[in-house]
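Student: I'd like to ask some things about the structure below.
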Amino acid sequence: DEEFDELCFEFGLELDEITSEKDIISKEKGEEKAKGASDVVLYKIDVPANRYDLLCLEGLVRGLQVFKERINLPRYEKIIPAEGEGQKLIITEQTAQIRPHAVAAVLRNITFTKDRYDSFIDLQEKLHQNICRKRALVAIGTHDLDTISGPFTFTAKAPSEIKFKPLNQSKEYTASQIMDLYRTDSHLRHYLHLIENKPRYPIIYDSNGVVLSMPPIINGDHTKISLNTRNVFIECTGTDITKAKIVLDIIVTMFSEYCEKPFTVEAAEVVYPNGKTHIYPELAYRTEKVKPEHINKKIGISETPSSLAKLLTRMCLKSHVTGNGNQIEIEIPPTRADIIHACDIIEDAAIAYGYNNIQMVIPKTYTIANQLPLNKLAELLRHDLAAAGFTEALTFALCSQEDIADKLGMDISSTNAVRIANPKTAEFQVARTTLLPGLLKTIAANRKMPLPLKLFEISDIVLKDPNTDVGAKNYRHLCAIYYNKTPGFEIIHGLLDRVMQLLEVPPNEENGYTIKAAEGTAFFPGRCAEVFAKGQSIGKLGVLHPDVITKFELTMPCSALEINIEPFV
């Protein structure tokens, strides 16, 4: 197990856990349910999302064997049948509106066993989930070719005109009935929405009118694959032709090793509505050139060109040195659709070299990390506000519209608030424009605590701002609140003086701070003041209006201070 774990890590995979069916069931459902389950050891392996070629046992084993240099990478080849003998898939123009693309191929004289068959079905399921985006981009259908006869037609018809026996069902249904049948199916119901509301459903027939499949929902029962199946017809239909080609390439390259002539695939011809034809699978090999020094520099190693070529060959990228050693020519096989850029090749070289074997070096550039000045100021203030006897609260950055508007006696249009487009709950409709509601809600939740309650928060508020690239701007606010049997305006005023003293801002008009009588909808008339500093208004303090207090379900008087601390950075 340790050796295999090590091998997976070297190959860029992760052995997630070693378990068994019994362990999994007992963890999820308890030991009672696990009785009689299999004790066979299972390896759970994490495969990176870009490596579609490792999603089945065949591909994974092949990849590891090539990596360990036990086998050479097989050459996948497509066999084009003699004129008139190959399989044809004809696409009609009716499909254009719903699933316009289709590709096809044939695996001839294949030998299935129980394990191979399970792996074959499992690979389709895994591809459906990731590259096919839950069948939205591509849907795969595999059929027993000996039960049907070509040419095949891919068309779209009204649901009432389609009638066939779906996979593993005992009788025929129309397409509309099939939709109702699978609405409760835990597996298939997730795909119904893809075609449900369309006027026509996609469907594939053979030359005798036998239904192969109704993509992306279900195959017909007639063409069902069994362990005795010798010839498999594979079709992939979809809305994205590139993804469909990749999916077809992966399936045929993985399972062609079980054909009589291993790693050969019989090509099929696809005829488009405009009369053009194309042979699939493409199984395209292509070559790329990368400079060895480029690879060395990016990884931080100094290998010879020939050893780099050897490393890449171990990663299923057959490579050799060309020119006078200043280029590596790499052949990208059809299984590696993830190689898009030189960086993908360099990454594979790094994996083969071994991340743990790359020497650690100190970077050439010296950069000294530094705290953001605004955060540093906020940190310093938090300690001193706590020393002044106030308790810090951290409240949600999102709140309801009532909290920042109605409850504070304001109109929502005047708050400049940023709205959430489709809020999950009424509590999180807008980004807060003031810290006050959060602290009042905190006090409401802690009414049982002994008085006085003295809370503060230093956090960001968000306001709309058409001049920024995102249309909104954050401001760092300091808010403090005093809740007791008496309003305690002098305590909040004293806190403001203490904050200014710490910021070394003197109490005068020229270059210090002053407070002037003002009105605020949330404050008691005549008990509200505006704070001016650095020549600008930075906030307000005062005794809260009784209406505000009752709207937040509080019963005692309360005074509050809220200022913007950004001018003091």
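Student: Go through the stretch 559-569 residue by residue and tally those that are among the β-branched types (Val, Ile, Thr), outside any loop (DSSP other than H, G, I, E, B) and more than 18 Å from GLY542 (Cα to Cα).
Tutor: 0
Student: Let me ask something else. Does the stretch 551-558 include one or more residues that are assigned to a strand (DSSP E or B), assigned by the TED database to the domain that holds ALA393 and basic (Lys, Arg)?
Tutor: No.
Student: With respect to GLU125, determine if the residue is surrounded by fewer than 17 Cβ atoms within 10 Å (Cβ to Cβ), closer than 30 Å to GLY275 by Cβ and among the acidic types (Asp, Glu).
Tutor: no
Student: Let me ask something else about it. ILE481 fails exactly one of the following numbered conditions: (1) open to solvent by less than 40 Å² (accessible area, probe 1.4 Å); (2) part of a strand (DSSP E or B); (3) over 25 Å from PRO546 (Cα atoms); (4) in contact (Cβ under 8 Å) with a residue 24 or more places away in the chain. What is the number of that condition?
Tutor: Of everything listed in (1) open to solvent by less than 40 Å² (accessible area, probe 1.4 Å); (2) part of a strand (DSSP E or B); (3) over 25 Å from PRO546 (Cα atoms); (4) in contact (Cβ under 8 Å) with a residue 24 or more places away in the chain, ILE481 misses just condition (3).
Student: Tally the residues that are within 22 Å of GLU504 (Cβ to Cβ), in contact with a strand residue (DSSP E or B) (Cβ under 6 Å, 6 or more places away or on another chain) and either touching a residue at least 40 places away in the same chain (Cβ under 8 Å) or not in a strand (DSSP E or B) (or both), restricting the search to the stretch 528-548.
Tutor: Counting residues in the stretch 528-548 that are within 22 Å of GLU504 (Cβ to Cβ), in contact with a strand residue (DSSP E or B) (Cβ under 6 Å, 6 or more places away or on another chain) and either touching a residue at least 40 places away in the same chain (Cβ under 8 Å) or not in a strand (DSSP E or B) (or both) gives 2.
Student: Can you tell which of THR277, THR287 is touching a strand residue (DSSP E or B) at 6+ places or on another chain (Cβ under 8 Å), open to solvent by 60 Å² or more (accessible area, probe 1.4 Å) and farther than 21 Å from GLY323 by Cβ?
Tutor: Of the residues listed, the single one that is touching a strand residue (DSSP E or B) at 6+ places or on another chain (Cβ under 8 Å), open to solvent by 60 Å² or more (accessible area, probe 1.4 Å) and farther than 21 Å from GLY323 by Cβ is THR277.
Student: For the stretch 445-478, what are the residues that are exposed (fewer than 13 other Cβ atoms within 10 Å of the Cβ) and more than 27 Å from LYS376 (Cβ to Cβ)?
Tutor: If the condition is that a residue be exposed (fewer than 13 other Cβ atoms within 10 Å of the Cβ) and more than 27 Å from LYS376 (Cβ to Cβ), then ALA445, LYS448, MET449, PRO450, LEU451, PRO466, GLY471 are the ones that fit.
Student: Could you pull out the residue among ILE351, ILE345 that is open to solvent by less than 90 Å² (accessible area, probe 1.4 Å), within 21 Å of GLU303 (Cβ to Cβ), touching a strand residue (DSSP E or B) at 6+ places or on another chain (Cβ under 9 Å) and not acidic (Asp, Glu)?
Tutor: From the options ILE351, ILE345, the qualifying one is ILE345.
Student: Something else: Here is a check on your reading of the model: is THR142 touching a Lys or Arg at 6+ places or on another chain (Cβ under 8 Å), part of a strand (DSSP E or B) and at pLDDT 90 or above?
Tutor: Criteria not met by THR142.
Student: So which residues in the stretch 60-79 are surrounded by 16 or more Cβ atoms within 10 Å (Cβ to Cβ) and hydrophobic (A, V, I, L, M, F, W, C)?
Tutor: Residues satisfying the conditions are LEU60, LEU64, VAL66, PHE67, LEU73.
Student: Of all residues being within 43 Å of the chain's Cα centre (by Cα) and closer than 20 Å to ASP406 by Cβ in the stretch 534-553, which is surrounded by the fewest Cβ atoms within 10 Å (Cβ to Cβ)? Just the residue, please.
Tutor: GLU553
Student: Still on this structure, I have one more. I need the full set of residues from the stretch 99-130 which are among the basic types (Lys, Arg) and farther than 14 Å from SER256 by Cα, in order please.
Tutor: Within the stretch 99-130, ARG99, LYS114, LYS126 qualify.
Student: Any residue in the stretch 243-255 that is over 23 Å from PRO81 (Cα atoms), touching a residue at least 40 places away in the same chain (Cβ under 8 Å) and of a type outside the set (Asp, Glu)?
Tutor: Checking the stretch 243-255: at least one residue is over 23 Å from PRO81 (Cα atoms), touching a residue at least 40 places away in the same chain (Cβ under 8 Å) and of a type outside the set (Asp, Glu).
Student: So which residues in the stretch 510-533 are closer than 20 Å to ASP406 by Cα, of a type outside the set (S, T, N, Q) and open to solvent by 60 Å² or more (accessible area, probe 1.4 Å)?
Tutor: Selection gives GLU519, PHE524, PRO525.
Student: Still on this model: Residues of the stretch 51-72 being in a loop (DSSP other than H, G, I, E, B) and either among the charged types (D, E, K, R) or in the same structural domain as ARG336 (by the TED database) (or both), which ones?
Tutor: Answer for the stretch 51-72, where residues must be in a loop (DSSP other than H, G, I, E, B) and either among the charged types (D, E, K, R) or in the same structural domain as ARG336 (by the TED database) (or both): ARG51, LYS68, GLU69, ARG70.
The values are calculated or read from the model by the stated rules, or taken from the named source; none is laboratory data. If you're wondering where the values come from, they're calculated on a predicted model, not measured in any experiment. Because the Cβ atoms are built from the backbone with ideal geometry, glycine has one as well, and the counts that use them run over all protein chains shown. For the accessible areas, the whole protein counts, side chains as well, though only heavy atoms, and no ligand, DNA or RNA atoms are used. Shrake-Rupley method; radii C 1.70, N 1.55, O 1.52, S 1.80 Å.
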